[in-house]
1. Mind pulling the angle between the C-alpha long axis of helix 30-51 and the longest principal axis of the chain? Nearest 10 degrees, somewhere in 0 to 90.
2. Suppose we look only past 32 Å in the calculated P(r) of the chain. What percent of the Cα-Cα pairs does that tail hold?
3. Would you mind pulling out the separation of the Cα centroids of segment 168-198 and segment 388-434, in Å?
4. What's the FRET efficiency of residue 192 with residue 406 using the Cβ-Cβ distance as r and R₀ = 35 Å, to the nearest 0.05?
5. What is the angle, in °, between the Cα long axis of helix 422-443 and the longest principal axis of the Cα atoms in the chain? Nearest 10 is fine, range 0 to 90.
6. How tilted is helix 358-381 with respect to the longest principal axis of the chain? Cα atoms for both, answer in degrees (0 to 90, nearest 10).
7. Could you compute the FRET efficiency for residue 252 and residue 18, with r as their C-beta to C-beta distance and R0 at 25 Å, rounded to 0.05?
8. From the Cα gyration tensor of segment 128-173, with a ≥ b ≥ c the square roots of its eigenvalues, which class applies: rounded if a/c is under 1.5, or else prolate if a/b is larger than b/c, or else oblate?
């Protein structure tokens with residue numbers, strides 16, 4: 001049944017209605033498909049780009065597409081969706097539009113080599129990566145604001161924990177797809193004259209379809225509050241509404257956002273390095289190869305998907321206890337503990353040479369990932385003005401994109417300084433994640 005949030009949902013009560021579990025679930029269900037696609041990208045972008053000719057030292061530059069897209073797009077989408085009121089909703093039109101473009105980009109990227117008549121394969125692949133990342137950002141940002149719009153304060157920990165669970169469930173599916181397809185007989189090596197393995201191509205097809213279907217579910221099962229009702233639930237005086245330009249909004253950023261930015265820098269710097277260098281790191285460290293066209297490298301690429309799926313499983317499980325933990329120990333303390341676990345997990349990868357033992361490392365990474373997806377937003381949401389939630393959520397995304405841009409620019413240099421050993425870059429990521437945990441304790445002040 002679609003969520004009943006029409007004019008009759010509140011009768012003179014300025015508090016948002018308490019939602020049942022399935023209403024909160026439907027609000028974020030589309031993120032399941034978004035994360036299937038995003039995880040396929042995270043686990044396979046370096047693999048695809050290496051196969052079509054990218055230098056390993058330059059991989060970080062290609063990965064800059066994601067944070068650059070987010071840096072530009074998310075504040076714009078946030079501000080636009082704050083002002084958008086259509087019969088389809090406030091955030092839903094952006095979620096749907098970004099979803100369609102993302103699915104098309106997923107169709108084209110693994111087939112970049114077949115568009116050589118238009119652009120060299122590496123350039124076409126980079127262009128599709130940029131388009132995919134831009135449209136992912138258009139889709140993802142309104143999902144964050146949608147939870148804040150629809151879920152009352154006392155259910156906010158639960159709302160973002162459910163979103164974290166769905167994100168990680170999607171990540172498990174997306175990360176495992178090439179491995180599963182290999183196990184059922186789909187070729188995991190490029191055919192003669194080809195560059196990208198069929199397992200990767202078919203995984204992207206499946207991911208695009210899942211993205212479309214799950215976003216359509218959220219779009220049809222969630223009815224956003226109309227303007228008058230939203231204003232009443234959030235005590236907004238529409239007659240005295242103050243218009244603020246983007247510069248004014250920047251000058252009035254809540255202190256909580258600035259505090260979170262410190263922790264966000266260290267945690268997302270670590271995540272970016274992990275996503276870029278894990279395949280290369282374990283291929284060299286465990287499989288003993290750096291050649292992207294070999295069977296061993298592709299096995300390492302599949303195993304990267306498996307361990308990324310593992311950390312998503314651990315994150316999904318941990319997200320189930322995040323709400324009671326945050327309620328009992330506080331959001332800040334839970335955040336600190338989680339990031340320290342992630343730092344230990346990443347650092348341990350430098351000392352492991354059995355691929356199966358990497359699952360132990362992923363326990364810590366999964367704990368950190370679940371917290372990163374939920375707790376900063378839960379901490380931030382209560383400090384945001386209701387009429388500007390979207391744009392501030394978009395601005396907050398800068399605290400995610402800037403550290404990734406820094407990691408993209410510095411990752412190649414770090415790899416060079418560490419003798420070309422990508423596994424040592426993973427160790428650097430672990431140290432950064434641990435610093436994030438320490439900063440969470442000392443910098444963040446919960447209201």
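1. For 30-51 against the chain, the angle is about 30 degrees.
2. Details: 34101 of 99681 pairs.
Counting pairs separated by more than 32 Å, the tail of P(r) holds 34 percent.
3. Segment 168-198 and segment 388-434 have Cα centres spaced 27 Å from each other.
4. Working: r = 41 Å, r/R0 = 1.18.
The formula returns an efficiency of 0.30 here.
5. 20
6. So the inclination is approximately 20 degrees.
7. The value I calculate is 0.25.
8. On the way: a/c = 5.19, a/b = 1.64, b/c = 3.16.
Oblate.
No lab work stands behind these numbers, since they all come straight from the coordinates. As the structure is a prediction and not an experimental result, all values here were calculated from the model. Counting neighbours? That spans all protein chains shown, and the Cβs are built from the backbone with ideal geometry, glycine included.
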